[in-house]
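Okay, so here's the structure we're looking at.
The values are calculated or read from the model by the stated rules, or taken from the named source; none is laboratory data. This is a predicted model, so every value here is computed, not measured. FYI the Cβ positions are ideal-geometry reconstructions off the backbone, even for glycines, and counts take in every protein chain you see.
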Ligand code: AP5
């Protein structure tokens, strides 16, 4: 699979626990292949901030660390995937998150005569996840992700790229984090088995430095493309 502007990339799914580094890696992959980074968490947070009907339905659920309903999320993703910028491919971050969402995605891709997704599972231990989530800071303007322990901005509390003050996500409070990790174990971990059984799962050790994780993810994506005979 090459990164030139004309080639078809297809659908790449990043699986992993809260804090595994899906958002960090998805931004890098999207830039490399020139395809959109579609984060269901980001789209939901935008809807909450704008006070849309979807945002009003999702707000309380997100604040207690539960998952938003499959119907709402599938509909939101269907709208996003129908946009022309997704024609060459897309990187999905935070979707699918339940087996019902994965089944919906398979049906949607088949209806559009697209290949099944390449699925990369980013695996990180529990203690590292906690440190990453409690230390995360994000830029509300351009979405850059930092970490006070592992990837601090050059100037404390300020985005390196645009200079905006960094913020902490509401769901990164310790009590909400533990609910999010429980939801992950209950509803999202079984997805790894769903994809493994279909021969699509690529496992990546995620508790390495960002650049090393990125190299491993590219290797997994290129390996999957070679295995299915795509460019
Ligand atoms: P979402 O926004 O998707 O959150 P999440 O899955 O909990 O994942 P995070 O964004 O917390 O972590 P990440 O893996 O992206 O890690 P990051 O790169 O930021 O979802 C939020 C909520 O929305 C859900 O709880 C749910 O309510 C709802 N929702 C979303 N999608 C849904 C769906 N499909 N169905 C139903 N509900 C849905 O990295 C974390 C930190 O670690 C950062 O500080 C980063 O700098 C640092 N870091 C990253 N990589 C490394 C590294 N290699 N070494 C050291 N530090 C690193």
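Annotations
- In the stretch 62-71, the qualifying residues are those that are assigned to a helix (DSSP H, G or I) and either modelled with pLDDT of 95 or more or surrounded by 19 or more Cβ atoms within 10 Å (Cβ to Cβ) (or both), and the one that is farthest from the chain's Cα centre (by Cα) is 71.
- In the stretch 72-113, the qualifying residues are those that are part of a helix (DSSP H, G or I) and under 24 Å from residue 223 (Cβ atoms), and the one that is farthest from the ligand (Cβ to nearest atom) is 110.
- Residue among 98, 52, 40 that alone is surrounded by 19 or more Cβ atoms within 10 Å (Cβ to Cβ), at negative phi and free of Cβ contacts under 8 Å to residues at least 60 places away in the same chain: 40
- Residues (under 24 Å from residue 211 (Cβ atoms), part of a helix (DSSP H, G or I) and either free of Cβ contacts under 8 Å to residues at least 60 places away in the same chain or near the ligand (Cβ under 10 Å from one of its atoms) (or both)) located in the stretch 114-171: 126, 127, 128, 129, 131, 132, 133, 134, 135
Table: residues versus (1) more than 15 Å from the chain's Cα centre (by Cα); (2) under 19 Å from residue 67 (Cβ atoms).
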| position | (1), (2) |
| --- | --- |
| 88 | yes, no |
| 92 | no, yes |
| 99 | yes, yes |
| 111 | yes, no |
| 117 | no, no |
| 126 | yes, no |
| 132 | yes, no |
| 135 | yes, no |
